[in-house]
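What follows is a short report on a single structure.
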Amino acid sequence: VPGRIRPDVSYEEHWRRVVEFAHEAAKVAEEFDGVVGLENVEGRFPLSVREWVQLIDEIDSTRIRMYLDVGNVTRLGVGFPEQWIRSLAERMCRIHFKDAFFGGELRNLLAGDVDWPAVRRALVDIGYEGWINVEPTWYRHAPYRLAQRLARDLDAILEGRL
């Protein structure tokens, strides 16, 4: 998480701190042959896909990438996930699937405003072959049924059956 913007820290100072932290994290990731994924979360930093591209490019390390949450793009009302995927492409290390209403609440897959066919096309277009993690809203009753539903919904998205 690259942090939450606050009134007592300027945007530029926060940016500088994130870049410095990322350089240190890259050293640890190198030592353990890993990658650190910075996720777009409710903290609203950075504010746009263009700034994410700029941030990852400024960090300039193969060990620091973006962990893109398509639901958060929609929930925060900061654009369209398929556009973020195309803009970030090789700067991403992982994808996080959940759904949301544009500028509103989170939902399970296929229950919000994410254009899943467009997200799938964008992933195919950039040749994405990495992991996709799904973050569900847990069922209040019979939560064991959720895994079956998620598996069917995820298969439908990835196989283009929507």
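A Cβ distance below 6 Å, combined with a sequence gap of six or more or placement on separate chains, defines the contacts here; from region 102-122, residues that are open to solvent by 50 Å² or more (accessible area, probe 1.4 Å) reach residues that are at pLDDT 95 or above and part of a strand (DSSP E or B) in the pairs LEU106/ALA100; ARG107/ASP99; ARG107/ALA100.
Looking only at residues in region 117-149 that are aromatic (Phe, Trp, Tyr) and closer than 25 Å to VAL1 by Cβ, which one is modelled with the highest pLDDT?
Taking region 117-149 as the starting set, the residues that turn out to be aromatic (Phe, Trp, Tyr) are 128, 131, 138-139, 144.
From the residues that got through so far, the ones that are closer than 25 Å to VAL1 by Cβ too are 128, 131, 138.
Numbers: TYR128: 97, TRP131: 93, TRP138: 83.
The extreme case among them is TYR128.
Restricting to region 1-17, and then to whatever is without any contact (Cβ under 8 Å) to a residue 40 or more places away in the chain and touching a strand residue (DSSP E or B) at 6+ places or on another chain (Cβ under 9 Å), can you tell me which residue is most open to solvent (accessible area, probe 1.4 Å)? Here the residue is ARG17. Annotation: of all residues in region 132-159 being over 16 Å from GLY71 (Cβ atoms) and either assigned to a loop (DSSP other than H, G, I, E, B) or in contact (Cβ under 8 Å) with a residue 40 or more places away in the chain (or both), the one that is most open to solvent (accessible area, probe 1.4 Å) is ARG140. Could you list all residues from region 65-84 that are out of contact with any strand residue (DSSP E or B) (no Cβ under 7 Å at 6 or more places or on another chain) and buried (at least 18 other Cβ atoms within 10 Å of the Cβ)? Correct list: ASN72, VAL73, LEU76, VAL78, PHE80, PRO81, GLU82. Residues in region 1-24 that are part of a helix (DSSP H, G or I) and in contact with a helix residue (DSSP H, G or I) (Cβ under 9 Å, 6 or more places away or on another chain): TRP15, VAL18, VAL19, ALA22, HIS23. Selection over region 29-64 of residues that are open to solvent by 80 Å² or more (accessible area, probe 1.4 Å), of a type outside the set (Asp, Glu) and more than 20 Å from SER87 (Cβ to Cβ) gives a count of 1. When region 87-101 is filtered for residues that are open to solvent by 20 Å² or more (accessible area, probe 1.4 Å) and of a type in the set (Phe, Trp, Tyr), only PHE101 remains.
The values are calculated or read from the model by the stated rules, or taken from the named source; none is laboratory data. These numbers come from a predicted model, not from an experiment. Cβ: placed from backbone, ideal geometry, glycine included. Neighbour counts: every protein chain shown. Please note that ligands, DNA and RNA were not included when accessible areas were found on the heavy atoms of the full protein model with its side chains. Shrake-Rupley method; radii C 1.70, N 1.55, O 1.52, S 1.80 Å.
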